Structure formats: structure tokens, C-alpha cells
Amino acid sequence: MSRKLLATSSAIIVGLAATSSPTARSDITKNSTLTCKTAVNLVGSSQDGTFWILPHNEPEIGNYDWSTKRTVGSQWHVGRTLAGPDGVVYSLVGSSGDLRRFRWNGASWDVWNGAQFRMVGTGWGRYAQTEHRNKVTVDEKGRLYEINAAGELRVRIWTGDDATGNWTPETSAGGKALGTGWNQYNLIIAAGDGVLYARKPNGDLFRFRYHFGSDRFTQHGLRVGTGWAEAKHILSVGGDILYGTWPGSDGPLLWYRYYEDTNSWASGVGKKVGVRWYGELDVTADSNGCRLTGYPVPSRPAVPQRFDAPTTVRQGPDGKVSWFYVNSSGGLTVATQRYVGDYTFLEYNTFAEYHKFTGQPGAGLRQDGRFEVLANSYDDASFRGKTQQVKNGVWGTALTNQEGWMRSDPVLVRESDDTLSQYAVDDAGALWRRAQVAQNGPYSGWLKVVASGVTTDFTAVRNGTNVDLVARFTDNSVNTARVTNGVVGTWRTVGTDTTDRPAAVAHPNGDLQVFARRGNGVVHTQRESAGTFPGTWTALGSLTTRGSPAAVVRGNGLVELAARGTDNYVYQASQLAPSAGFGAWSVRYFEETATDPTGTVLASGDPIFTWRSPQGLILTSYINPGATFTGATAKR
């Protein structure tokens, strides 16, 4: 159905009273400053299709002060009406699913190519349905958020002007994924730059802040209110100012302002600033009428150049082994066996687009068999990486910037549902996690796992259907926590007086065993039993080592260890029997190392350890099924 847009005016009567406000709490302490336009436009559509604009004066204090209401259109009742910044209005047409973009310039509707709207999307009819009308919103930057049918929070980012702009390429097709599990909410409303409020059916109200620069949720799921179930519309002009329409004899419009710095609502109450609002079909508002500045945002940490970090080694679905590392020029490099089982001839691929990588890459195998790799940057603390175009095939043509603003290297782990998760530590010692929203799909935003105290020395180990996190904290204690279905459990202390990154393995029975280099340079271990660690370390010989040890579990359930000696040779030790101790450390491949060793277990159940020589060569030692050691030097 077509829309006829008008430019007539009428008036509305409003009143002033007070009512109770939702309760609030938070943990953000930095002050911020609110700036509002002299008047902000509340806009909406009535049940008869009338489209109107009503300016509210002094929105920062919520007083009774309105300008004249104007009727500027008709036939807006066939879909969902949604306002954005600076007069932008979207119509989500229920019958066709079209997403139409309008703009009110203060006097009339802009015209493009003879039309008063631009078609900027299809398939949006879901949000004209009663049960989904409140699952779409626009923030002060013009970003369009939705809770899609899969329960994912997705965002589309507008770029350019009204006449020629459009959604950014990376968000145009389905939007950028920010999170999963949002089907628990029946309403979302943007109230600032990346600020979202979400309501559960029971009336609980939660606050989120997403920082697009670092791809993080700096606040996630903080309950800031209760009793919001009966609000038919919740809208915002930005700046953490909310309006709600409520049932009652006069259908009141209530005003609220949330203070992020003091964790409270203005005056502890909501203000009645209007009547006869509850019956409107849609009530929305210019999303940038008010803005906050000075609120806490992440900062990019200084990331050191580390070209001697360990190599990450993985086996592909074709049986070939690949090594991932940052070379001496800062290039992210992949080396792959030319032939299965041949450790001598490798094919090298250094991604040419960027040469400011640092540290150890994170690498993982997607459910469809494609490798994914990413590494940190010493230039801007952003993770960049690539994914293979096809299984066992060539890599993508361009690096993807996955942001993060983390200080640590990324760690990738494959979950029991065959999705990948990434872990990293920021400059404040907080551990963060992000996960694929579905198999082979995009990643959600970074979520904080633990607030502080974690060093960059950590690892993640798959353990059955769970993932065990093992980290060294700033007090040099090693702690572990179990991640189950994305939920991080309680942190447990394994032991103290450790240095560098701990290694860990999960035994077939689920017991976690941790290996750590202690202050005297000797590798020690603890193995849990029935979910409990003994609390005391057991020394594995007397070899003085440097750096981080490596540990893997062979197919027969026995553990193999590797560590870098002070003479820069790699020493190995083998577990003698299940639940038994280890044999003596020995050098099984007399080639010097410039990196700490790392390891993996092949599909055959046999382990390999790998490192790089001072000349940059990939060196690999492995144990064949007969337990006879052999070694190889990679050649170009």
C-alpha cells in the first residue's frame, strides 16, 4: 500500500505527575556529560495510519514543555515505524517486508529520484508482527539493530549520506552478529552510542553498551530495572533517556533518565509528561536528540613486537600438518606439508597485506574443515586474520579485522558443538571471550570472562563437552575455570609461585593436569582427582628450563612433555604409565630453538612438538607408533 505524506498540524494536551521508577545498579564510575537539542522530536503513527511529530522541550530534565504537534503523513499503519537520527524514519512494511528509509528535514520529506523514500532492504515483515514489533531499534549513529528469528542480536551500520549512502558491505547481508540468546527478550531500545536496553517478558530491564571500535560489550546484561512488563512502547532520544507508554485511565507517557556514572535513575522516579499515548500504534523518537560524552571506553594497549613467539600447529582434514607463526618481518605465515607425513618439504604462504603482526597466532579448524587463523598487531592491538576459501584449499583474498584491542595473543578452541571460540586478555588484566554464533558463522562481540588479575599467560583446553581455562594471574598463581555452554564457572587455584604460560591437558577421564614452570626454572605439575587439585606441586626432574612448557596427551592416554632448556635445546619427557610419573628429560633432536616449543596430537594419536630455529626454520620432532623418536628440519 502506498503512503500519502502530508504537512498539516494539530495540538496535544499533556500533564505532569510522578510515579515510581525502576530500581537500578551498575559498576561504572566515570562521569559523563549529557548534551541535548533544545527540543527533540517524538514521532509515531496512530491506529488510523496518521503519522505525526511532536517536539519535547528540555528533554534532559523531563519537564512539561511541548511544542506543537504536526501531522505529516497518512497510511502508516501497514507496518512498523521506527525513527533514527536527524529526521531519518524507517518504515518496515508488513505486507511486502520492504525496508523504506525516509527523512524529515524539518519542513517536508526529502525526495530522491521522484520518491519520498529509498528502498534499503527486504525481508523485514517480521517486525510488523505483534510479537516482534519491539525487537528492532536504531541508535544515535544510525545503526539498525534487530533480534532475528534465530535469537541473534544483529546490527546494520549506515555509511554515507541519505541520498547515496547504504549499509556497510560487512553488515548489509544479514547484519553483523553481536550476540546470541537474545530471544529471551521481547523488546530492545537503543539509547545512545551502542547503548541498548532489553526487556524480558517478566518486566526486568537490562542495559548493554557495545563499543564498536574494539568489538566489545563494555557492559552486558546488567539488570537496571523491574516492573516494565506493562509498558507498551519504550523509546529513547539518546543519552540514556527513556520514555514509556503505560496503561491507565489517561494512558500516560513517563520520562526516565539513567545515570551510568552513579548507577541510578533521575530523582529516583519517573515523570508523567503526557497523556493519551498508550493507544498509539507506534511511538518512537529521533535517536540522537541527546548525547552522552565522557563515558568509559576501552583504550588501545601498547603491544610489544614479538617475532620469536611459539608456533601454532594444527592438522588439516587431509592429514597434512600446518604451522602458523609470525615471521621476523611481522608477517603472518602459514606453512603446510606438501605431502602427508613429510616434514621436510613445506609450502609457505605469508599474507602480504599486512606486516605488523606480533606474538603467537591463534588457529582453529571450522566445522566445514576450513582453517582459520588470526594474530595480534603491535601497531593497533587489533586482531587480523583469514579463513580458507575451501577445505584444504587456498586462503581468502583479504585480511579481516576483528578488532579486540587486546594485549595478549588470541587463543582459539573448538567447542563441542563444533563452533570456535576466541579468548584474549586486555591491558587491564581482564579475560575476554567471543564465540561463533553458529557453525562456520561469524563471531559475536567480545564478552568479559573475568574482570582483572589475569596475565597474558593463559591457555584453553577442550575437555569433553567443556573448555577448561588455565591462566597465570598477576600474583603468579595458576587458576582454572570451566566453560560450559558458554558460561564460565568458578575459578579454582591450582598452585602458586609460577612463571610464564602454564600448559594443560585433559585426560580421558576428564581430569585436568597442569604443568607450570616455577620460580626455580623447574617444570612442576598437579593433576586433579574428582575435581580437586592436591594444592602442592610435584617437580618433574631437576632440569632448569626457560619459557613455557608444552604438553599433549597421546592416543594411548599418556602425556608427552617438551620444554626449552637454558642451552636452547628442546627437552622431552614421556609419562611412563597411566597416572604414573615421567621419565627423564632428554634432547631427542639436537637443533637449537629460538622459540618455546608447542605441540599437537595427530589423527593417528601420535604427538609432535615444533619450534623455530634461530635462522627461522621450522623444526619438528615426533614419536612414531613404535615409540621410536625421529626428527625433521623443514626445507623450502
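For the stretch 209-325, the alpha-carbon coordinates run over 72, 37, 25 Å along the three principal axes, in decreasing order.
Take the Cα of ASP261, step 7 Å toward its Cβ, do the same at LEU617, and the gap between the two points is 6.2 nm. A cut-off of 5 Å between modelled amide H atoms, ignoring neighbours fewer than 5 places along the same chain, links ASN166 with THR159.
Report, in listed order, any pair from LYS135/LYS356; LYS69/LYS176; LYS37/LYS448; LYS176/LYS391; LYS271/LYS448; LYS37/LYS272 with a Cα-Cα distance greater than 32 Å.
LYS135/LYS356; LYS69/LYS176; LYS37/LYS448; LYS271/LYS448
Using 0.36 nm per residue and subtracting the Cα-Cα separation, the extra length available between SER67 and THR38 on full extension is 9.3 nm.
Length available on full extension from ASN556 to THR350: 0.36 nm per residue minus the Cα-Cα distance, which gives 70.6 nm. Normalising by the residue count of the chain, find the relative contact order in percent from Cα pairs under 8 Å and 6+ residues apart. In percent, rounded to a whole number, it is 9. Taking the helices alone, the chain has a mean residue ellipticity at 222 nm of 0 deg cm²/dmol, built from -39,500 (n - 2.57) per DSSP H run of at least 4 residues and averaged over all its residues. Each other residue within a Cβ distance under 11 Å of ARG300 adds +1 if Lys or Arg and -1 if Asp or Glu, for a net charge of -4. For the stretch 222-276, a Kirkwood radius taken over Cα pairs fed into Stokes-Einstein (10 °C, viscosity 1.306 mPa s) yields D = 135 µm²/s. Evaluated with a Cβ-only charge set (Lys, Arg +1; Asp, Glu -1), the chain carries a dipole of roughly 560 debye about its Cα centre, given to the nearest 20.
The ratio of the alpha-carbon radius of gyration of the stretch 453-539 to the globular-protein estimate 2.2 N^0.38 Å is 1.00. Taking max minus min of the alpha-carbon positions on each principal axis, the chain gives extents of 90, 50, 37 Å, largest first. Projected label points at THR566 and ALA302, each 7 Å from Cα along the beta carbon direction, are separated by 3.1 nanometres.
More than 22 angstrom separation, counting every C-alpha pair in the stretch 8-293; what % is that? In whole percent, the share of Cα-Cα pairs in the stretch 8-293 beyond 22 Å is 54. Between ALA150 and THR387, what FRET efficiency comes out of the Förster formula 1/(1 + (r/R0)^6) with R0 = 22 Å and r the beta carbon distance, rounded to 0.05? Result of the calculation: an efficiency of 0.55. The stretch between ALA398 and ALA438 holds 12.2 nm of extra length on full extension. This uses 0.36 nm per residue minus the Cα-Cα distance.
Using a Förster radius of 60 Å, what is the FRET efficiency between ARG276 and SER529 based on their Cβ-Cβ separation? Nearest 0.05, please.
Step by step, r from the Cβ atoms, then E = 0.30.
The charge dipole of the stretch 453-539, taken about its Cα centre with unit charges on the Cβ of Lys, Arg, Asp and Glu (plus for the first two, minus for the last two), comes to roughly 80 debye. Can you tell which of LEU399, TYR210, THR81 lies farthest toward the positive end of the dipole of the chain, using +1 and -1 charges on the Cβ of basic and acidic side chains (Lys, Arg; Asp, Glu)? The listed residue farthest towards the positive side: THR81.
In this calculation the C-beta distance from ASP342 to GLN184 is compared with R0 = 51 Å, giving a FRET efficiency of 0.50.
Every read-out reported here was derived from the displayed coordinates using simple, explicitly stated rules and does not represent laboratory data. If you're wondering where the values come from, they're calculated on a predicted model, not measured in any experiment. Glycine gets a Cβ as well: all are built from the backbone with ideal geometry, and neighbour counts include every protein chain shown.
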